[in-house]
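Some notes on the structure that comes next.
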Amino acid sequence: MPKLIVANWKDYLMPRQSAVLARRISNFKSPISKSRIVICPGFLALNEVAKTVRGTQIKIGAQDVWPESRGAFTGEIGLDDLAELGVEYVLIGHSERRQYQGESDVLVNKKLRATLQAGMKPILCVGESWSMRKQGAAQKYVNKQLRLGLKGVTPKDLQRVVVAYEPIWAIGTGRPAKPEDAEVMHAFIRATLSKLSFVQRNRTKLSFSGLSILYGGSVNGENAGAFLKTKGVDGLLVGGASTKAEELKRILFSC
Ligand code: PGA
């Protein structure tokens with residue numbers, strides 16, 4: 001399956017800058033053809049960016065969602081809003097939201113299930129802090145995030161989930177994980193998913209062919225190739241580097 005490259009523009013760009021960048025990216029015809037690319041702009045730029053990439057192979061993602069269709073939820077963006085704009089992917093449980101908005105695993109699970117129910121693909125973000133890694137507790141923590149985040153998901157729906165392993169200490173620090181450490185964690189995530197109770201019960205019916213596990217955290221044009229060659233890495237979740245057209249082009253060329 002082609003590698004999945006997800007660009008998370010966070011709140012780095014203003015709406016007009018986002019539209020300009022989207023136009024530049026939609027003109028990179030050749031490198032894009034080998035990979036699947038998803039752009040997650042800020043909410044204010046979603047409409048414009050979605051219009052810009054319509055008709056190309058670029059898909060649109062949202063950086064978050066409120067787990068209801070719509071209603072009296074002041075300041076929130078519901079699932080119907082995203083659906084109307086043609087959003088196909090939604091980042092769920094990014095560590096910045098867990099940290100700054102205090103998002104719990106329970107809310108993450110609610111958002112993930114609502115996204116699936118609305119027919120979109122959730123990208124569940126998991127990853128440990130540096131102190132957890134130092135204490136040897138990284139896998140235990142990621143295991144908990146996966147189990148709670150995926151609670152109640154049907155085996156069929158699990159095939160539409162993307163998991164992004166993003167160690168918190170690697171995000172925006174210029175200090176990525178070593179590809180060999182990512183390989184170990186990706187294998188652990190795959191093994192954990194296959195041990196989920198509902199997967200065990202449906203073992204014969206379930207194939208993991210559709211499920212992608214991405215690496216994220218200080219990915220750039222220089223190191224993307226090494227991660228993409230790493231066993232078990234199905235793609236990348238890229239923050240800062242994805243807001244620079246030439247850097248993103250290098251990443252796409254590495255696929
Ligand atoms: P970064 O962010 O590539 O800037 O480290 C990745 C992310 O948070 O998704």
Item to check | Projected label distance in nm at Glu68 and Asn27, using a 7 Å step from Cα toward the beta-carbon | outcome: 4.4 nm
Next on the checklist: So if I take the centroid of the Cα atoms in the stretch 95-155 and the same for the stretch 59-73, what is the distance between those two points in Å?
Outcome noted: 17 Å
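Figure the gain on full extension for Lys51 and Arg147 (residue separation times 0.36 nm, minus the Cα-Cα span) and round it to one decimal in nm.
Numbers: separation 96, 0.36 × 96 = 34.56 nm, distance 3.64 nm.
Gain on extension, Lys51 to Arg147, equals 30.9 nm.
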Checklist outcome for this item: With every protein chain kept in place and a 1.4 Å probe, the chain has an accessible area per residue in Å² of 47 Å²
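Which of the peptides 88-96, 61-69 is most tightly packed, and how do the rest follow, going by the mean number of other Cβ atoms within 10 Å of each residue?
The densest-packed peptide leads the list: 88-96, 61-69.
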Checklist entry - What list of ³J(HN,Hα) couplings, whole Hz, do you get for the stretch 139-153 from phi and the Karplus terms 6.51, -1.76, 1.60, once you set θ to phi - 60° and write x for glycine and proline? => result 5, 4, 5, 5, 4, 5, 4, 5, 5, 6, x, 9, 3, x, 7
Next on the checklist: Show me, bin by bin at 5 Å from 0, the whole-percent P(r) of the stretch 121-194 based on Cα pairs.
Outcome noted: 3, 15, 28, 26, 15, 9, 4, 1
Next on the checklist: Whole-Hz ³J(HN,Hα) for each residue in the stretch 8-13, computed from phi via Karplus 6.51 cos²θ - 1.76 cosθ + 1.60 with θ = phi - 60°, x for glycine and proline: what do you get?
Outcome noted: 9, 7, 6, 10, 7, 10
Checklist entry - Say the cut-off is 26 Å between C-alpha atoms; which of Lys29/Lys59; Lys110/Lys134; Lys34/Lys134; Lys34/Lys59 go over it? => result Lys110/Lys134; Lys34/Lys134
Checklist outcome for this item: Residues whose built amide H sits under 5 Å from the amide H of Trp9, excluding neighbours closer than 5 in sequence, are Cys40
Checklist outcome for this item: Per the helix-only model, the chain has a calculated mean residue ellipticity at 222 nm (DSSP H runs of ≥4, -39500 (n - 2.57) each, divided over all residues, rounded to the nearest 500) of -12000 deg cm²/dmol
Checklist entry - Is the shape of the stretch 114-255 best called rounded, prolate or oblate, per the rule: a/c under 1.5 gives rounded, else a/b larger than b/c gives prolate, else oblate, with a ≥ b ≥ c the square roots of the Cα gyration tensor eigenvalues? => result prolate
Item to check | Long-range amide H partners of Lys59 with built H, under 5 Å | outcome: Ile37, Val38, Ile39
Checklist outcome for this item: Here the net charge surrounding Met1, from other residues whose Cβ is less than 10 Å away from its Cβ (Lys, Arg +1; Asp, Glu -1), is +1
Checklist entry - If you average the sequence gap of Cα pairs under 8 Å that are 6 or more apart and divide by the length of the stretch 107-154, what percent do you get for the contact order? => result 46 percent
Checklist entry - Percent of accessible area on the chain owned by carbon and sulfur, 1.4 Å probe? => result 52 percent
Item to check | Potential extension, Ser104-Phe253 segment - 0.36 nm per residue separation minus Cα distance | outcome: 50.0 nm
Next on the checklist: Per residue of the stretch 47-52, what does 6.51 cos²θ - 1.76 cosθ + 1.60 with θ = phi - 60° give for ³J(HN,Hα)? Whole Hz please, x for Gly and Pro, Karplus curve as stated.
Outcome noted: 4, 5, 5, 4, 5, 5
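If a/c stays under 1.5 just call it rounded; otherwise compare a/b with b/c (prolate if a/b is bigger, oblate if not). Do that for the stretch 58-134, with a ≥ b ≥ c from the square roots of the Cα gyration tensor eigenvalues.
In terms of gyration-tensor shape, prolate.
Order 236-243, 80-87 from most to least packed using the mean count of other Cβ atoms within 10 Å.
Order by mean packing, descending: 236-243, 80-87.
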Item to check | For the chain: rounded, prolate or oblate by the Cα gyration tensor [a/c cutoff 1.5] | outcome: rounded
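The values are calculated or read from the model by the stated rules, or taken from the named source; none is laboratory data. This one's a predicted model, so the numbers in the text were calculated from it and none came from an experiment. Note that each Cβ is placed from the backbone with ideal geometry, even for glycine, and that neighbours are counted across all protein chains shown. Heavy atoms of the whole protein, side chains included, go into the accessibility calculation; ligands, DNA and RNA do not. Shrake-Rupley method; radii C 1.70, N 1.55, O 1.52, S 1.80 Å.
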